[in-house]
Amino acid sequence: MVKVLFVCLGNICRSPMAEAIFRDMVEKEGLSEKIQIDSAATSSWEHGNPVHSGTRKELAKVGIGVEGMYSRILNDNDLEADYIVGMDDSNIENIKKFIAGRKTGEVKKLLEYAGEDRIIDDPWYTGDFKTTFKDVTKEYISMCHSAIIFRIVKLYVPMLIPLKVIYCQTQMAFYSLILFQAALSATDMALALN
């Protein structure tokens with residue numbers, strides 16, 4: 001199972017937005033059994049609070065709900081994530097402080113997977129949830145680091161290595177990358193090789 005954790009400061013705006021969007025995609029692809037998605041905060045400021053109304057409003061426009069989602073703080077179980085995805089530099093710094101050299105998955109800002117070295121501004125401060133939604137989704141066609149795709153393909157049978165060239169040139173979004181990783185089960189590979 002691929003485990004993905006989205007992280008922001010309070011876990012009421014950006015990270016639950018990313019969690020809800022990705023969960024919706026995963027469910028539509030029938031991969032809920034293969035991908036575990038969660039979100040967390042680097043601070044305790046909003047602990048236990050529901051998703052911000054601005055985030056709920058943007059998600060509702062595309063038919064995505066956030067029922068049962070409440071802010072929580074990073075904990076040691078989160079170290080099991082394959083991907084810990086922050087929204088800004090401060091998130092990444094605080095995630096790394098929390099990890100404190102312990103073994104965990106890859107830690108990056110979400111927009112790094114889109115080939116952009118910038119942050120997703122916190123709409124709690126800006127009030128601009130529409131821009132946050134655009135940044136979090138990036139129209140689902142944002143570019144992915146080819147190195148990540150290569151590493152994922154390498155995890156599977158060596159006979160699939162020629163596929164790395166195809167996937168490195170495909171310009172997959174982060175969300176699509178994880179869907180691809182989860183979908184490449186042993187059964188899928190056996191079928192693909194026949």
Exercise. Taking region 21-105, how many lysine pairs are there with alpha carbons less than 27 Å apart, if each pair must be eight or more places apart or span two chains?
Worked result: 4
For this session: Using 0.36 nm per residue of separation minus the Cα-Cα distance, give me the extension gain between Glu93 and Tyr125 in nm, one decimal.
Result: 9.6 nm
Exercise. With Cβ to Cβ distances under 15 Å as the rule, what net charge do the other residues near Leu5 carry (K, R +1; D, E -1)?
Worked result: +2
For this session: Would you please classify the overall shape of region 22-149 from the alpha carbon gyration tensor, given that a ≥ b ≥ c denote the square roots of the eigenvalues, rounded means a/c under 1.5, and beyond that prolate means a/b larger than b/c while oblate covers the rest?
Result: rounded
Problem set entry | In region 1-108, GluC sites (Glu not before Pro) in a DSSP loop with at most 13 other beta-carbon atoms within 10 Å | Glu33, Glu67
Exercise. What full-extension length gain, to one decimal in nm, is calculated for Lys28 and Ser44 as 0.36 nm per residue of separation minus the Cα-Cα distance?
Worked result: 2.5 nm
For this session: Taking all protein chains together and a probe of 1.4 Å, list Tyr70, Tyr113 from the most accessible to the least accessible.
Result: Tyr70, Tyr113
For this session: At 7 Å along the Cα-to-beta-carbon direction for both Asp117 and Ala60, put a label point, then send me their distance in nm to one decimal.
Result: 4.0
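The values are calculated or read from the model by the stated rules, or taken from the named source; none is laboratory data. Values in this document were obtained by computation on a predicted structure and should not be read as measured data. Methodologically, a virtual Cβ is constructed for each residue, glycine included, from the backbone with ideal geometry; neighbour enumeration extends over all protein chains shown. Calculation scope for accessible area: heavy atoms of the full protein, side chains included, ligands and nucleic acids excluded. Shrake-Rupley method; radii C 1.70, N 1.55, O 1.52, S 1.80 Å.
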